[in-house]
1. If I model a spin label at Leu62 and Glu35 as a point 7 Å from the Cα along the Cα→Cβ vector, what separation in nanometres do I get?
2. Would you please put 44-51, 23-30, 60-67 in order of how densely packed they are, using the mean number of other Cβ atoms within 10 angstrom per residue and starting with the highest?
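Nothing in this text is a laboratory measurement; each read-out follows from the coordinates by a stated rule. Nothing here was measured: the structure is a model prediction, and the numbers come from that model. Here the Cβ is made from the backbone with ideal geometry for all residues, glycine too, and neighbour counts use every protein chain on show.
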Amino acid sequence: MTQPTALFLADILEDAGKPADIAEKCATELRRLHEAHDWQYRMAGERLRRVEKLERQRDALLEALRPFVTIGIGFDMEDVRKARAAIKKAEENT
């Protein structure tokens, strides 16, 4: 059952009115299920956005550290400043 269908059925149950208490209980439950599903959908989207942000930050950090891996021990403070700047830029862009 799709969410619009659940809301449509809730409206029908409220309009049916006989027996009123059963129709109201059913309509309330359908609306509660709709809200719960909507909340879960939003939370899943938020988790996905956080994971994507962490992946972008990881990729930027790896890219910033690439010179150190290829150069080995022979790096200077300018390399460190460049790496820090690249990391800061990546964090600002995510």
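1. About 4.3 nm, to one decimal.
2. Packing order, densest peptide first, comes out as 23-30, 60-67, 44-51.
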